[in-house]
Each structure stands twice: as C-alpha cells, then as structure tokens.
Amino acid sequence: NRVLASLDWRPRFKIALAFALKDETAIRLARATLRSLAAQAYSNFDILILPSGRAAKGNDISAKLLDGFPKLAGRVEIAKPGDMLAAAGEPSYLIALRPGDELGCDALVELAVDTGLRRDADFIYADDRRVSPVSGAIEAFFKPDWSPDLLLSTNYIGRAWCARDSLIARMGM
C-alpha cells in the first residue's frame, strides 16, 4: 500500500462472478471465492454477481451467499439483465472470476501496483496456480511476457487478469 501511495494511484476493481444462483454447488464454490475476497489487503473493489439461469430473489441469494462475510455485504451487487459497468470517474478495472477461484490475500494489491506502474496498459494478466494436467497437483503457472505467437497455440492468459473498463466498453461487453 505504501507503493500505491507513492504512485498516487488507487484503482477500483469490479470483480464479476457468474454462476447459476439456484445451484448449491456453485454457491458453495462462490463462497470460497468470496472468502478469498474478504481477506484481500486492498479494499477498493466491488463484486458484481452475474446470475445465469432463472434467478432466485436477490434477497434470498444475498443472505445465502453472504452469510458470514460482513465485510463484503455493502460491496456485492446482483446484476440485472442489461446492467453494464459504470464509469466511476477513477481508474477502474474488471476482473472476471469463476466460482471456486481463490485469490491470494495480496492479489488485488499486486494488480493495483501493476496498473499504477503501467497506466497505459488496458489489459494485465498474472501468474497463477493451476491443477497440472500431468500430475494432478496444484502447481505454479508462470506466464511469459506478451507473446502473440504463443497465445495462438495456448491460452496462457487464463483467468488471472484485469481489463480497464474503457477496453470492456470498446469491446461492447
């Protein structure tokens, strides 16, 4: 956080989490994701739940999803069809997660620092840990600098990324 203060930079992250609101397994996995978000050292973020399938009542789902996460209660919004990312008037980035994704406690700090050091970048991706297809164990997946050729052969970007809200808007998402 001292580095961010020295950069005079405090971006806002909108974390999108999509899943079927009536799927008990998805809710259990989403709660693991929320647990990792509640532990973040960086606090300038909101969570946008993107429901798929037939939606349950927002209050019902909020109670089931957020029980035990008082720090997150005011940060979570359940999107309605047609909702878009709103420009916040401050540097703003989207992070898309799946239920069960867990961020290290300093993940958002690292992304905030990286976006502050690379203010012209619209898209930033990070190393992560994945289940190895060979051993089945969770292993570090260290990613190279941008490589269009490698990207044509494998999705090395994965899910550990953030995109500036203006890039998302230009893409029509």
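The values are calculated or read from the model by the stated rules, or taken from the named source; none is laboratory data. Since the structure is predicted, the reported quantities are computational estimates derived from the model, not experimental observations. When we count neighbours, we look across all protein chains shown, and the Cβ atoms used for this are built from the backbone with ideal geometry, even at glycine. Just the protein is used for accessible areas: all its heavy atoms, side chains included, with ligands, DNA and RNA removed. Shrake-Rupley method; radii C 1.70, N 1.55, O 1.52, S 1.80 Å.
Calculated accessible area for the chain comes out at 59 Å² per residue, all protein chains present (probe 1.4 Å; ligands, DNA, RNA ignored).
Using C-alpha pairs below 8 Å separated by at least 6 residues, the relative contact order for the chain is 28 percent.
Positive end of the dipole of the chain (Cβ unit charges, origin at the Cα centre): among ALA126, PHE13, ALA63, the Cα lying farthest that way belongs to ALA63.
Cross-link reach is defined here as a Cα-Cα straight distance under 12 Å, omitting same-chain residues fewer than 8 places apart; for LYS143 the aspartates and glutamates meeting it are ASP127, ASP128. Secondary structure note: in the chain, about 35% of the DSSP beta bridges are antiparallel.
List the aspartates and glutamates whose alpha-carbon lies under 17 Å from that of LYS80, not counting same-chain residues fewer than 8 positions away? Straight-distance partners of LYS80: ASP46, ASP60. The GNM of the chain, with springs linking C-alpha atoms under 10 angstrom apart, assigns the highest mean-square fluctuation among ILE47, ILE138, ILE95 to ILE138.
Taking LEU37, LEU97, LEU152 as the candidate residues, the one with maximal mean-square fluctuation in a Gaussian network model of the chain, Cα springs under 10 Å, is LEU152.
Each Cα pair of the stretch 108-173 feeds into the Kirkwood radius, which the Stokes-Einstein equation turns, at 25 °C and 0.890 mPa s, into a diffusion coefficient of 181 µm²/s. Think of the chain as a dipole: +1 on every Lys or Arg Cβ, -1 on every Asp or Glu Cβ, centred on the Cα centre; then among VAL109, ILE27, LEU4, ILE27 lies furthest on the positive end. Taking the simple approach of a point 7 Å from Cα along Cα-to-Cβ for both LEU50 and THR154, what is their distance in nm? About 2.6 nm, to one decimal.
Contour minus end-to-end for ALA137 and LEU117, with contour as 0.36 nm per residue of separation and end-to-end as the Cα-Cα distance? Before the final figure, lay out the partial values.
Working: separation 20, 0.36 × 20 = 7.20 nm, distance 3.34 nm.
Full-extension gain reported as 3.9 nm.
Just checking the listed ones, ASP114, ASP67, ASP122: in the Gaussian network model of the chain with Cα springs under 10 Å, the one fluctuating most is ASP67. Restriction of the trypsin sites (Lys or Arg not before Pro) in the stretch 5-46 to DSSP coil positions whose beta-carbon has at most 16 other beta-carbons within 10 angstrom yields LYS22. Dipole of the chain computed with +1 at Lys/Arg Cβ and -1 at Asp/Glu Cβ about the Cα centre; of THR154, PRO144, ALA39, farthest Cα towards the positive end is ALA39.
Once the gyration tensor of the Cα atoms in the chain is diagonalised, the equivalent ellipsoid follows with semi-axes of 25, 21, 17 Å, ordered largest first. Remark: spin-label model distance ARG98-SER43 equals 3.2 nm, labels positioned 7 Å along the Cα→Cβ axis.
Placing unit charges on C-beta atoms (Lys and Arg positive, Asp and Glu negative, everything else neutral), compute the dipole magnitude of the chain about its Cα centre in debye, rounded to 20.
Details: 23 positive and 22 negative charges, 105 e Å.
About 500 debye.
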